[in-house]
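Visitor: Dropping the structure in here first, questions after.
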Amino acid sequence: MQAKGPSRPKLTLKELCGGLPVSPLPPLRTRDPSIAHAPVRTHNLSPKQKERALTNALRYFPNPCHRTLAPEFAEELRVFGHIYMYRFFPDIDMRAYPLHEYPVKTNKAAAVMHMIMNNLDPRVAQFPQELVTYGGNGCVFSNWAQFWLVIHYLSVMTEEQTLVMYSGHPLGLFPSDPRSPRVIVTNGMVIPNYSSKDNYDEMFALGVTMYGQMTAGSYCYIGPQGIVHGTTLTVLNAGRRYLGLENLAGRVLITSGLGGMSGAQAKAAVICGCIGVVAEMSEEALRKRHDQGWLQEFTDDLDTLIKKIREARAKKEATSIGYRGNVVDVWERLVAEYEATGDLLVELGTDQTSCHNPFGGGYCPVQLSYQEAEEMLAKDPSKFKTLVQESLRRQITAINKLADAGLFFWDYGNAFLLEARRAGADVSDPKSEDPLTFRYPSYVQDIMGDIFSLGFGPFRWVCTSGDSADLKATDEIAYNVLATICSEDLPKKVQQQFADNMRWIKEAGKHEMVVGSQARILYSDQRGRVKIAQAFNEAVRDGRLKAPVVISRDHHDVSGTDSPFRETSNIYDGSAFTADMAVQNFVGDAFRGATWVALHNGGGVGWGEVVNGGFGLLLDGSEDSNYRATLMLNWDVSNGVARRAWSGNDNAQDTIARSMAEDARLKVTLPNTADPALVARALGHR
């Protein structure tokens, strides 16, 4: 399966909404060699299970199609480890179209279409033909039949129907109420004892579950911009906290990954004024970010890379340098340079490989080329795993040597340190017996500051007109809202957050971060989000904005994610491994006015390691959307702050106290602090 299928006329949106094309079937189509593709998926299906996987795929199609489709679907399962249904990859210019162009009965359905097609835009998606948006395996759907059916259902949906989504599969349209969500999404929901990686590989191959990452499966991804703001804040705060610097000119950040979300790193480094060096094994991914203007230059030669680093340091130049190769080679070369010359050429370091899926293509071992890694993954996954773990140990050994010399390294919430520990690398904190504690800090817990407990997190919006003028107008509206709030007497920690975010939104336009939909990200607290949404809704109503606005957020937020190695890593009352917060958030958003909601197993640190959820809400200028946004956004933040307050977090207790003072209906249970000495004496420990 190598040849590209025959060319066909481009579909219109009306044709795309017509339902699954089966009479006649589209011509045979296979992988397009001109674009990047997902690695071969590994599984251990028995012969009977393979029959089940093929049967499951064929049930989307009328029986007369089965004789044609069965052998090609069987070949896809054999060659690629999953049935993607390449024949049904649609011949359309896949992108987020202006809202009014979608043939629908309700704009809320059109908004979901706009977001889905953005997630699959080849400028945005990591592996478009495999429906993977980012993270190596973060899917929008499991196969192309699901895409066609979902688009059709959305085109005929009314305000009295809800589309129910089971891990990529559209169960159907069900009668509901206009006040209900139009789409309910669950991804990867499995019985807890069956949430291992092997369970996932089996169920994904069978076509009965999928990994939605965070905003891939909830249709709310906005390209690498979605993480660039947080990455910028992380690098700036790392400089402040650990280097004692406000100005990072001449300082070097070493990291890896330019594929999906990690593509933000190069841009963030330049915004911060430092020298960002990003290693990437995929030439296609590296060139894509370079062509999009997110990466300034690149090389595949280590000698040239070291020369460029030295030159940029001398000039104190803000730049981003890509290295086409393995980051382990970069770390080991930096150790060699330090040992030979005494020059420490790096001050800051992290890693953004897809270590949530290290043995499925998310991490390329240093012993293999990119092509060799893909081949071994398909033919000998056990040996591949051994090499990955050996590579992780080598990487940590080099990082540890540089850290001893003055490097500051942190974990970026991608399960890098977790998988390194599992590989036997020396990453544990010698001063702690806590399994959540590592030698190196987490960017959430230790660098960003306690932002989630202050109620700040990655709020997002999308201008569905597709007009950059609307995005510019929303930037100005958001800045003015924050400026008004910031003029009040606020706690110093809150003032600092607002100051950083006002600077960000004021300069966002000049950094040319839009890839795909006209979208923006802005860290804000509960009050800021509500006020911004209300202001956007008013601007739609009075015509300052040409079309409705979708508001959303990353699942990586105050209330959206229970993840003991990332978002909830600073929960110390023993509840870090519980998931009530994320589930309650999903449910609460649904009945408080969200246009669609999603709940996922996995995301960020991997399958079985996290539960997370998100939402989308269409602001159409009506009083109804103003009411929905106000009610839902207040809950969407205060839920997580209340949970953090109950765990004993002082910042969260102060934040929720202010929220209760502003709304008399809010009543939160707060903890009473026990005397540690009294507790110890009662247990006979002292």
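Visitor: So which residues in the stretch 520-549 are hydrophobic (A, V, I, L, M, F, W, C) and either over 23 Å from L631 (Cα atoms) or not in a strand (DSSP E or B) (or both)?
Guide: Taking the stretch 520-549 first, the residues hydrophobic (A, V, I, L, M, F, W, C) are 521-522, 530, 532-533, 535-536, 539-540, 545, 547, 549.
Listed by number, the residues that qualify are V530, I532, A533, A535, F536, A539, V540, L545, A547.
Visitor: May I pose another question? Mind telling me which of the residues L54, L58 ends up being free of Cβ contacts under 8 Å to residues at least 40 places away in the same chain, more than 14 Å from W148 (Cβ to Cβ) and in contact with a His (Cβ under 8 Å, 6 or more places away or on another chain)?
Guide: On the way: L54 fails: in contact with a His (Cβ under 8 Å, 6 or more places away or on another chain).
Being free of Cβ contacts under 8 Å to residues at least 40 places away in the same chain, more than 14 Å from W148 (Cβ to Cβ) and in contact with a His (Cβ under 8 Å, 6 or more places away or on another chain) holds for just one of L54, L58, which is L58.
Visitor: With respect to K14, determine if the residue is exposed (fewer than 14 other Cβ atoms within 10 Å of the Cβ), among the basic types (K, R) and in contact with an Asp or Glu (Cβ under 8 Å, 6 or more places away or on another chain).
Guide: Numbers: exposed (fewer than 14 other Cβ atoms within 10 Å of the Cβ): yes; among the basic types (K, R): yes; in contact with an Asp or Glu (Cβ under 8 Å, 6 or more places away or on another chain): no.
So K14 fails the test.
Visitor: Considering only the stretch 289-314, state which residues are part of a loop (DSSP other than H, G, I, E, B) and not polar (S, T, N, Q). Before you say what the answer is, go through the steps one by one.
Guide: Residues of the stretch 289-314 that are part of a loop (DSSP other than H, G, I, E, B), as a first pass: 292-296, 300-301.
G293, W294, L295, D300, D301, listed by residue number.
Visitor: State which residue is nearest to V164 (Cα to Cα) when the search covers only the stretch 571-597 and only residues that are in contact (Cβ under 8 Å) with a residue 60 or more places away in the chain and in a loop (DSSP other than H, G, I, E, B).
Guide: This residue is T595.
Visitor: Could you grab me the full set of residues in the stretch 636-686 that are closer than 16 Å to V558 by Cβ and of a type in the set (K, R)?
Guide: Those that are closer than 16 Å to V558 by Cβ and of a type in the set (K, R): R643, R644, R658.
Visitor: Which one of these is of a type in the set (S, T, N, Q), touching a residue at least 24 places away in the same chain (Cβ under 8 Å) and buried (at least 24 other Cβ atoms within 10 Å of the Cβ): T568, T655?
Guide: On the way: T568 fails: touching a residue at least 24 places away in the same chain (Cβ under 8 Å).
Among T568, T655, only T655 is of a type in the set (S, T, N, Q), touching a residue at least 24 places away in the same chain (Cβ under 8 Å) and buried (at least 24 other Cβ atoms within 10 Å of the Cβ).
Visitor: Between V150, V156, which is in contact (Cβ under 8 Å) with a residue 24 or more places away in the chain, under 22 Å from L206 (Cα atoms) and outside the structural domain of H356 (by TED's automatic domain parsing)? Talk me through it step by step, then tell me what you get.
Guide: Working: V156 fails: under 22 Å from L206 (Cα atoms).
Every option except V150 fails the conditions.
Visitor: Name, by its number, the condition in (1) closer than 30 Å to R59 by Cα; (2) in a helix (DSSP H, G or I); (3) of a type in the set (G, A, S) that does not hold for A264.
Guide: Status for A264: all satisfied but (1).
Visitor: Among (1) farther than 28 Å from L286 by Cβ; (2) over 17 Å from the mean Cα position of the chain (by Cα); (3) surrounded by fewer than 23 Cβ atoms within 10 Å (Cβ to Cβ), which single condition is Q129 missing?
Guide: Q129 satisfies all of (1) farther than 28 Å from L286 by Cβ; (2) over 17 Å from the mean Cα position of the chain (by Cα); (3) surrounded by fewer than 23 Cβ atoms within 10 Å (Cβ to Cβ) except (1).
Visitor: Could you tell me how many of the residues in the stretch 287-322 are farther than 18 Å from R333 by Cβ, buried (at least 24 other Cβ atoms within 10 Å of the Cβ) and not basic (K, R)?
Guide: Residues meeting the conditions: 3.
Visitor: Between R681, R643, R628, which is more than 22 Å from Q584 (Cα to Cα) and either in a helix (DSSP H, G or I) or in contact with an Asp or Glu (Cβ under 8 Å, 6 or more places away or on another chain) (or both)?
Guide: Details: R643 fails: more than 22 Å from Q584 (Cα to Cα); R628 fails: more than 22 Å from Q584 (Cα to Cα).
The match here is R681.
Visitor: Would you please name the residue that is nearest to A519 (Cα to Cα), looking only at residues in the stretch 460-478 that are hydrophobic (A, V, I, L, M, F, W, C) and assigned to a helix (DSSP H, G or I)?
Guide: We begin by selecting, within the stretch 460-478, every residue hydrophobic (A, V, I, L, M, F, W, C); these are 461-463, 469, 471, 473, 477-478.
Still in the running and assigned to a helix (DSSP H, G or I): 469, 471, 473, 477-478.
On the way: A469: 12, L471: 7, A473: 12, I477: 14, A478: 13 Å.
Among those that are hydrophobic (A, V, I, L, M, F, W, C) and assigned to a helix (DSSP H, G or I), it is L471.
Visitor: Which residue, of V558, V587, V641, is farther than 20 Å from S195 by Cα, surrounded by fewer than 20 Cβ atoms within 10 Å (Cβ to Cβ), among the aliphatic types (A, V, I, L, M) and not assigned by TED's automatic domain parsing to the domain that holds W410? Outline the logic, then answer.
Guide: Details: V558 fails: surrounded by fewer than 20 Cβ atoms within 10 Å (Cβ to Cβ); V641 fails: surrounded by fewer than 20 Cβ atoms within 10 Å (Cβ to Cβ).
Answer to the selection: V587.
Visitor: A further question on this structure: Within the stretch 225-246, how many residues turn out to be within 21 Å of G516 (Cα to Cα) and small (G, A, S)? Full working, then the answer.
Guide: Here is the first cut: in the stretch 225-246, the ones within 21 Å of G516 (Cα to Cα) are 225-232.
Among the residues that remain, those that are also small (G, A, S) are: 226, 230.
Summing the residues that are within 21 Å of G516 (Cα to Cα) and small (G, A, S) in the stretch 225-246 gives 2.
Visitor: Is it fair to say G543 is free of Cβ contacts under 8 Å to residues at least 12 places away in the same chain and more than 25 Å from V185 (Cα to Cα)?
Guide: Details: free of Cβ contacts under 8 Å to residues at least 12 places away in the same chain: yes; more than 25 Å from V185 (Cα to Cα): yes.
For G543, the condition - free of Cβ contacts under 8 Å to residues at least 12 places away in the same chain and more than 25 Å from V185 (Cα to Cα) - is met.
Visitor: Test F174 against the stated conditions and say whether it is in the same structural domain as M189 (by TED's automatic domain parsing), farther than 30 Å from E280 by Cα, assigned to a helix (DSSP H, G or I) and at pLDDT 95 or above. Working first, answer last.
Guide: Details: in the same structural domain as M189 (by TED's automatic domain parsing): yes; farther than 30 Å from E280 by Cα: yes; assigned to a helix (DSSP H, G or I): no; at pLDDT 95 or above: yes.
Answer is no for this residue.
Visitor: Kindly provide the set of residues from the stretch 315-361 that are assigned to a helix (DSSP H, G or I), touching a residue at least 40 places away in the same chain (Cβ under 8 Å) and of a type in the set (V, I, T), ordered by number.
Guide: Those that are assigned to a helix (DSSP H, G or I), touching a residue at least 40 places away in the same chain (Cβ under 8 Å) and of a type in the set (V, I, T): V327, V328, V330, V335.
Visitor: Still on this model: Could you give me the residue pairs with C-beta distances under 8 Å whose first residue belongs to the stretch 394-414 and is modelled with pLDDT of 95 or more, whose second residue is among the acidic types (D, E) and in a helix (DSSP H, G or I) wherever it lies, and which are 6+ apart or on separate chains?
Guide: So the pair list comes out as R394/E332; A398/E332.
Visitor: Separate question: Report, by residue number, each residue of the stretch 382-397 that is in contact with a helix residue (DSSP H, G or I) (Cβ under 7 Å, 6 or more places away or on another chain), within 19 Å of F438 (Cα to Cα) and surrounded by fewer than 21 Cβ atoms within 10 Å (Cβ to Cβ).
Guide: R394
Visitor: Also, quick follow-up: Under the condition of being among the small types (G, A, S) and assigned to a loop (DSSP other than H, G, I, E, B), which residue from the stretch 91-138 is farthest from P26 (Cα to Cα)?
Guide: So in the stretch 91-138, the residues among the small types (G, A, S) come out as 96, 109-111, 125, 135-136, 138.
Pick out the ones that are also assigned to a loop (DSSP other than H, G, I, E, B) and you get 96, 125, 135-136.
Values: A96: 24, A125: 23, G135: 30, G136: 28 Å.
Here the answer is G135.
Visitor: When only residues in the stretch 13-56 that are among the β-branched types (V, I, T) and under 30 Å from the mean Cα position of the chain (by Cα) count, which is modelled with the lowest pLDDT? Give the steps one after another, and end with the answer.
Guide: First, pick out the residues of the stretch 13-56 that are among the β-branched types (V, I, T): 22, 30, 35, 40, 42, 55.
Checking the rest, the ones that are also under 30 Å from the mean Cα position of the chain (by Cα) come to 30, 35, 40, 42.
Details: T30: 90, I35: 90, V40: 90, T42: 85.
Taking the candidates together, the pick is T42.
Visitor: Would you mind telling me which numbered condition in (1) touching a residue at least 12 places away in the same chain (Cβ under 8 Å); (2) surrounded by fewer than 24 Cβ atoms within 10 Å (Cβ to Cβ); (3) touching a helix residue (DSSP H, G or I) at 6+ places or on another chain (Cβ under 7 Å) V79 fails?
Guide: (3)
Visitor: Still on this structure, I have one more. Does any residue in the stretch 90-106 that is acidic (D, E) come within less than 8 Å, Cβ to Cβ, of a residue that is crowded, with 16+ Cβ neighbours inside 10 Å and outside any loop (DSSP other than H, G, I, E, B) six or more places away or on a different chain, and which pairs are these?
Guide: Filtered contacts from the stretch 90-106: E101/L13.
The values are calculated or read from the model by the stated rules, or taken from the named source; none is laboratory data. Since the structure is predicted, the reported quantities are computational estimates derived from the model, not experimental observations. With ideal geometry, Cβ positions are generated from the backbone for all residues, glycine too; neighbour counts draw on all protein chains shown.
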